[in-house]
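Notes follow the structure.
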């Protein structure tokens, strides 16, 4: 006769929740739209921007870098608003749906106006839409799982990240080509069409999703100030400055690395690639390396020492230093009048991608598992807030180094070596902090063992 425990215990299953396919499809299309637009922003600002009379009004490289990183910092700050709407007011599903529509308008504002006014309006709407939905989509992924299938969560977050890079791989090839051959209006309108597709895919899955309702504003605020929830938030916030510095460097593959690529020999496989297309190797490397890390590297390393999430993040912080030392060495050759081959920057991308898997994928899942169940979207903002802070730092550096005559206080290779040095110091400081970290894994049902 079965015991009471056996009757009530959930039966483990390897079947994926039915809503996952719609979330992953939405993410692939949305990431196509975001990274496609993102891949051409610096080139647009330095080569295509016009004034109200239709005359060229191009920005300098430092100005464009500063604008770009300020925009990205806003994208990753506004998840705080999206998390509040999702967890406290209208729920995750409606937050994603409504802000996705705002997101679409942002793309078309960029497509219709080539001036700073159009740039400002478009980037503001995109920041509001993209930033607002960010904590909700990844939290919705986690909400689809319960006690019977939570063992699939790590695999699904890897596939979720796979979808991000599947969408971005194609967009970073196509959209720079459209900018070069068809101009900025077609180049910015195409991501807008993909954002409409992303919104429709999400809407088609409305009857398949597990929806965790909003708790209301007062209970939400009360939950934040509950002692154990404040403890969970504080624990995760201690990681933010270290991961933020990772993003301060990583995000430059869309800015300073593109500028560097304009000065390199980009002939490869019989084609001269556009500078903005080189970053396509990052999502391609991600697609190949995610399964390699999950199914080969991590199990192999676990035979020698316990590879915890915090140790993965630490390894990634040191790897990104290596990536920037490589691009710094490339820049030394350029500064000396050389014309190095783009394969050297692709090598830097390989190292940067390995660091990204160790830091970004791990931090994404870790933030969700450490979040109290009433605050899943809000706590995802600790992951996204790290990206915002990193870009604030990079934007501030680029604003500060601009001289009145248009030159830079950190010219050439000194720029890349500066960031490598800051990252090395950050990685060394991370080691004792990670050893002191205390947290508990929070599932939908209850807290489990300490980390």
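The values are calculated or read from the model by the stated rules, or taken from the named source; none is laboratory data. Computed from a prediction, not measured in an experiment: that's the story for all the values here. Positions of Cβ are backbone-derived with ideal geometry, glycine not excepted, and every protein chain shown enters the neighbour counts.
Remarks
- Verdict on residue 359 being under 23 Å from residue 280 (Cα atoms) and part of a helix (DSSP H, G or I): yes
- Matching residues, region 162-183, being over 12 Å from residue 36 (Cβ atoms), more than 21 Å from the chain's Cα centre (by Cα) and assigned to a helix (DSSP H, G or I): 180, 181, 182
- Flag for residue 363 being farther than 20 Å from residue 254 by Cα, modelled with pLDDT of 85 or more and in contact with a helix residue (DSSP H, G or I) (Cβ under 9 Å, 6 or more places away or on another chain): no
- For region 167-203, a residue qualifies if it is surrounded by 21 or more Cβ atoms within 10 Å (Cβ to Cβ) and at pLDDT below 90, and the qualifying residues are 167, 168, 169, 172.
- So residue 59, is it over 17 Å from the mean Cα position of the chain (by Cα), crowded, with 18+ Cβ neighbours inside 10 Å and not in a helix (DSSP H, G or I): yes
- Residue in region 206-222 that is farther than 18 Å from residue 92 by Cα and surrounded by fewer than 21 Cβ atoms within 10 Å (Cβ to Cβ) present: yes
- Condition broken by residue 237, with the remaining ones in (1) surrounded by 14 or more Cβ atoms within 10 Å (Cβ to Cβ); (2) under 22 Å from the mean Cα position of the chain (by Cα) satisfied: (1)
- Residue selected from region 70-99 under the condition closer than 14 Å to residue 216 by Cα and outside any helix (DSSP H, G or I), by the criterion nearest to the chain's Cα centre (by Cα): 91
- Filter result (farther than 21 Å from residue 84 by Cβ and free of Cβ contacts under 8 Å to residues at least 60 places away in the same chain) within region 96-106: 105
- Against the test of being under 21 Å from the mean Cα position of the chain (by Cα) and closer than 30 Å to residue 435 by Cβ, the options 254, 242, 285, 225 yield a single qualifying residue, 242.
- Matching residues, region 415-440, being outside any helix (DSSP H, G or I), surrounded by fewer than 17 Cβ atoms within 10 Å (Cβ to Cβ) and either touching a strand residue (DSSP E or B) at 6+ places or on another chain (Cβ under 7 Å) or at pLDDT 95 or above (or both): 438
- Within region 107-136, considering residues that are closer than 14 Å to residue 189 by Cβ and touching a residue at least 40 places away in the same chain (Cβ under 8 Å), the one surrounded by the most Cβ atoms within 10 Å (Cβ to Cβ): 126
- Within the set 296, 329, 323, 395, the sole residue that is without any contact (Cβ under 8 Å) to a residue 24 or more places away in the chain, over 30 Å from residue 212 (Cβ atoms) and part of a helix (DSSP H, G or I) turns out to be 296.
- Residue list for region 176-196, filter: in contact (Cβ under 8 Å) with a residue 24 or more places away in the chain and over 18 Å from residue 113 (Cβ atoms): 176, 177, 180, 194, 196
- Subset tally (residues that are surrounded by 23 or more Cβ atoms within 10 Å (Cβ to Cβ) and touching a strand residue (DSSP E or B) at 6+ places or on another chain (Cβ under 8 Å)) for region 36-56: 0
- Any chance residue 155 is part of a helix (DSSP H, G or I), out of contact with any helix residue (DSSP H, G or I) (no Cβ under 7 Å at 6 or more places or on another chain) and over 26 Å from residue 118 (Cα atoms): yes
- Of the residues making up region 133-150, none is part of a helix (DSSP H, G or I), touching a helix residue (DSSP H, G or I) at 6+ places or on another chain (Cβ under 9 Å), under 15 Å from residue 38 (Cα atoms) and at pLDDT 80 or above.
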